[in-house]
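This report refers to the structure that appears directly beneath it.
Every number here is computed from the coordinates shown, using simple stated rules; none is lab data. These numbers were taken from a predicted model, which means no experiment stands behind them. All Cβ positions, glycine included, derive from the backbone under ideal geometry; neighbour counts span all protein chains shown.
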Amino acid sequence: MIRNVFVATAICLTALGCSSTSTSENPAAMAENGLDYCARQTERTLSQIESEGYGMSPRNIAPGDSTWKLCPVSKELWTEGFWPGILWYDYEYTSDEKILAAARKYTEALEFISGIPAYDHDLGFIIFCSYGNGYRLTGNPEYKEVILATAEKLASLYNPAVGTILSWPREMENLGGHNTIMDNMINLEMLFWAAENGGKPEYAEIARTHADTTMKYNFRPDGTSYHVAVYDPVSGKHIKSCTHQGYSDDSMWARGQAWGIYGYTMCYRFTHDRKYLDFATEITDVYLSMLPEDMIPYWDFNDPEIPNVSKDASAAAVVASALIELSGYVDEDKGREYLDAAEKMLDSLYENYRGGDSCPAFLTHSTGHRPAGSEIDYAIIYADYYYIEALLRLKNLKK
Ligand code: GLY
């Protein structure tokens, strides 16, 4: 990161039901309104879960429920970095020492990840959202060591014959080879950062080659994405591109496209290579052109049951955050277009998708894994992480 954008102070609005703020009128006030709301929701979550201990991670809230489902932290739980990441962002905004103490505890509960063999590609989600933000805000050298050790584990999954990281070692047999999923793009951030901060320089080359190979095989010529690409692990030959969490092999799974938009924007941040910027804009424009009126995608853009299917607020939060960054890399007109779109997304999420009084999550109406019947129309912790990140990015831009 580490993202050098976000510091914040609060403007106080009353209670949970803050008045809505039109994006066109005052984006800075909208960002602060949203961040105040997130701060209140974070307090609620903390008081709900703290007695369970720091080894329990909030994952989701079912529709109609008001308490987080907690999961024990483990090597398989890809979502466990998001709650500490939320605490770091909330601390960045509020400067509240109690939130800082909690951010440290929940982050440090994940330290074991850096000392065990890589289970899969999600190491970046787990360690860079937690330790990455923690290091950015505190400069604690022990946090940096954890990030560097984890980057080395992530790099161990790289297959040079293919030119990508193996996303799911456990699915080799099932999928018919070395597999690389779109989500894996996000985990390159930890490799790029590590290469610039005391880790091996080759991590950056791994990240670049992974991004290039993914560009070739996880996308169609029209800029829409496949969730998964499968390769022969020995020859490196591409075998097939398909889906896992989307509607079909030919469809555009909303969060997959969102990971791509965020991922290629981040690649441009680290490399300044124009090809990543051009690609990020291409896949963003496809996504924007297919959104419904309220700017929040259905879980998959090609589900024939639309509009009678679940939305995915998490994809919208990921894209809103990415667009705020991307708006700073393109020309002025395009930048205004992307920023307007991000502001509309954030406004829509706040107005119609927030947890509010009945649910302590920031956002509801995300879709986890619809084909598996899992987390459909739920509040999910990663939606909250990218939502608060987007609000901080917006606030910082508008200062
Ligand atoms: N990385 C898994 C997901 O987006 O659901």
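The table below gives the values:
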| read-out | value |
| --- | --- |
| Rg over Rh, two decimals, region 223-299 (C-alpha only, Kirkwood Rh) | 1.03 |
| Amide N proximity, region 60-99 versus M172 label position 7 Å along Cα-to-Cβ, cut-off under 19 Å | 76 |
| Estimated dipole of the chain in Debye, rounded to 20 [Cβ of Lys and Arg +1, of Asp and Glu -1, Cα centre] | 620 |
| Amide H contacts under 5 Å for G328, placed H, 5+ residues apart | none |
| Lys/Arg +1, Asp/Glu -1 at C-beta; region 347-395 dipole; positive extreme among A379, G356, A390 | A390 |
| Relative packing of 58-71, 276-289, 184-197, which averages over residues the other C-beta atoms within 10 Å, highest first | 184-197, 276-289, 58-71 |
| Potential extension, E97-E196 segment - 0.36 nm per residue separation minus Cα distance | 32.6 nm |
| For the chain, built as a Gaussian network whose Cα springs stay under 10 Å, the top-fluctuating residue of E337, E351, E111 | E337 |
| Y158 long-range amide H proximity, modeled H, under 5 Å | L166 |
| Proximal lysines relative to K275, as straight alpha-carbon distance under 27 Å, when same-chain residues fewer than 8 apart are discounted | K200, K216, K237, K240, K334 |
| Partners for K75 among lysines (Cα-Cα distance below 21 Å; same-chain residues under 8 apart left out) | K105, K144, K153 |
| Per-selection Kirkwood Rh - the chain (Cα, Å, 1 d.p.) | 20.8 |
| Computed over region 83-185, Cα set: Rg, Dmax in Å | 15.6, 50 |
| Peptides 263-272, 233-242 ordered by average Cβ neighbours within 10 Å, highest first | 263-272, 233-242 |
| Span-like helix ranges in the chain, DSSP H, alpha carbon extent 20 angstrom or more, Kyte mean at least 1.6 | none |
| Compactness of region 325-399, expressed as Rg and Dmax over alpha-carbon positions, Å | 14.5, 43 |
| Where labels lie 7 Å past Cα in the beta-carbon direction, separation of T271 and E351 in nm | 3.8 |
| Length gained when the stretch H238-N159 is fully extended (0.36 nm per residue, less Cα-Cα span) | 27.1 nm |
| Two-site FRET efficiency, D250 against D340, from Cβ-Cβ distance with R₀ of 30 Å, rounded to 0.05 | 0.45 |
| Options S235, L70, F219, ranked by Cα towards positive dipole end of the chain, top entry (Cβ charges) | S235 |
| Rounded FRET efficiency, nearest 0.05, which uses the C-beta distance separating K69 from M290 and R0 of 22 Å | 0.10 |
